[in-house]
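Heads up, the thing below is written out as structure tokens.
The values are calculated or read from the model by the stated rules, or taken from the named source; none is laboratory data. Worth saying up front: this structure is predicted, and the values here are computed from it rather than measured. Please note: Cβ atoms are built from the backbone with ideal geometry, for glycine as well, and neighbour counts cover all protein chains shown. All accessible areas refer to the heavy atoms of the entire protein, side chains included, with ligands and DNA or RNA removed. Shrake-Rupley method; radii C 1.70, N 1.55, O 1.52, S 1.80 Å.
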Amino acid sequence: MRAAGGGPGCGCKGIRSCLLCEGPAPAAPPPQGEDNFTYCPATGLAKGNEHSEFAGWAFPFPGVFLVEEFISEDEECEIVELMDRDDWKPSQSGRKKQDYGPKVNFKKQRLKADGFTGLPSFSRKIVAQMKACSVLSGFLPVEQCNLDYTPERGSAIDPHFDDWWLWGERLVSLNLLSKTVLSMSCDSEDTIQLSPTFSKGELSPPGSLTQTSACRNSGEEGVEGVVPPRLVPSKEVTVAVHLPRRALVVLQGDARYKWKHGIHRKHIENRRVCVTFRELSAEFSAGGRHEELGKELLEIALSFQGRPV
């Protein structure tokens with residue numbers, strides 16, 4: 001159990017903990033379940049992992065957009081070097097952070113622009129490069145959060161939804177310095193319909209007469225038959241989204257509002273820096289109740305003259 005007040009350099013509160021505050025005594029690490037599906041960017045499917053009970057099954061997993069090698073290695077080194085010139089503040093679960101955005105109380109739905117001077121100058125080029133992505137058409141970032149993860153601190157982030165009172169539909173993150181895995185989980189009482197897959201990893205049409213991966217995994221080699229869809233509770237499904245170094249990932253739609261995202265401690269093997277950009281919600285955009293405040297925040301953000309708040 002973590003001692004009250006945490007340890008030196010620790011920013012954990014409440015039930016959160018990291019290796020800095022868990023102490024020398026053996027402590028149970030945060031829950032780290034095994035992901036039983038893996039997202040395939042080429043098909044947009046979440047495919048059952050080979051050694052799980054869902055091997056040979058898959059389902060559409062919309063709302064994830066992944067661009068590998070979004071920036072070059074030289075650009076990556078320059079960005080991290082510029083970040084490291086500013087202080088990193090201790091954050092929860094072994095992370096450190098740098099915030100460029102308004103001060104927000106999400107519970108009370110209040111915000112202040114005081115102290116917000118915009119996104120950092122090095123982000124101007126990143127934001128410009130986003131315009132080449134069709135899924136980011138019209139994306140205007142109003143906030144940037146840099147997070148620093150290391151295995152030495154036991155860095156992780158619990159499954160969570162990003163706020164949607166202030167932040168809009170698209171969450172955009174740039175993964176720097178090392179690969180990791182974004183674990184997606186769902187608390188919904190709904191069920192998910194799984195379909196068997198062909199040997200090539202494609203979904204079998206409903207009621208098709210074919211030898212599927214699901215048949216082979218059940219030991220029915222050489223047997224052709226109708227394999228009906230399979231319904232499973234959403235709570236039993238976790239999807240791994242593999243993030244290569246220097247990849248850009250966008251979460252929107254169901255991946256934003258239905259599925260929580262988190263990163264397990266075991267998936268931080270080396271130092272990792274994540275740069276997350278957020279846009280305004282409809283309430284702060286044209287025609288929204290707080291349109292004028294939204295305009296003010298965007299004008300500040302896109303001046304690209306910011307320092308961490």
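Here are the numbers for the structure shown:
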{"quantity": "Percent carbon-and-sulfur accessible area, the chain, ignoring ligands, DNA and RNA, probe 1.4 Å", "calculated": "52 percent"}
{"quantity": "Separation of the Asn105 and Thr117 label points, Cα + 7 Å toward Cβ, nm", "calculated": "2.6 nm"}
{"quantity": "Theoretical ellipticity at 222 nm over the chain - DSSP helices of four or more residues, -39500 (n - 2.57) apiece, nearest 500", "calculated": "-3500 deg cm²/dmol"}
{"quantity": "With DNA, RNA and ligands ignored, accessible area of Val104 (1.4 Å probe; Å², nearest 10)", "calculated": "40 Å²"}
{"quantity": "Residues of segment 239-309: accessible area per residue with a 1.4 Å probe, Å²", "calculated": "42 Å²"}
{"quantity": "Helix axis angle, 291-301 relative to the chain longest principal axis, alpha carbon, degrees", "calculated": "80 degrees"}
{"quantity": "Two-site FRET efficiency, Ser234 against Arg85, from Cβ-Cβ distance with R₀ of 30 Å, rounded to 0.05", "calculated": "0.10"}
{"quantity": "Accessible area of Val309 in the full protein assembly, 1.4 Å probe (Å², nearest 10)", "calculated": "50 Å²"}
{"quantity": "Arg246 long-range amide H proximity, modeled H, under 5 Å", "calculated": "Asn175, Leu176, Leu177, Ser178"}
{"quantity": "Global form of segment 134-204, assessed from the alpha-carbon gyration tensor, a/c cut-off 1.5", "calculated": "prolate"}
{"quantity": "Computed E for Arg307/His160 - FRET, C-beta separation, R0 30 angstrom, nearest 0.05", "calculated": "0.65"}
{"quantity": "Segment 57-103, accessible area per residue, ligands and nucleic acids excluded (1.4 Å, Å²)", "calculated": "50 Å²"}
{"quantity": "Gain on full stretching of the segment that runs from Tyr257 to Cys133 - 0.36 nm per residue minus C-alpha separation", "calculated": "42.5 nm"}
{"quantity": "In sequence order, calculated HN-Hα J values of segment 133-149 (Karplus, 6.51, -1.76, 1.60; Hz; x Gly/Pro)", "calculated": "8, 4, 5, 10, 4, x, 6, 10, x, 10, 8, 9, 10, 9, 10, 10, 10"}
{"quantity": "For segment 239-309: rounded, prolate or oblate by the Cα gyration tensor [a/c cutoff 1.5]", "calculated": "oblate"}
{"quantity": "Net charge of Cβ neighbours under 12 Å - reference Ser285; Lys, Arg +1; Asp, Glu -1", "calculated": "-3"}
{"quantity": "Whichever lysines have a C-alpha closer than 28 Å to that of Lys266, once near sequence neighbours (fewer than 8 apart) are set aside", "calculated": "Lys13, Lys47, Lys89, Lys96, Lys97, Lys179, Lys235, Lys258"}
{"quantity": "Value of Rg/Rh across the chain [Cα atoms, Kirkwood radius]", "calculated": "1.01"}
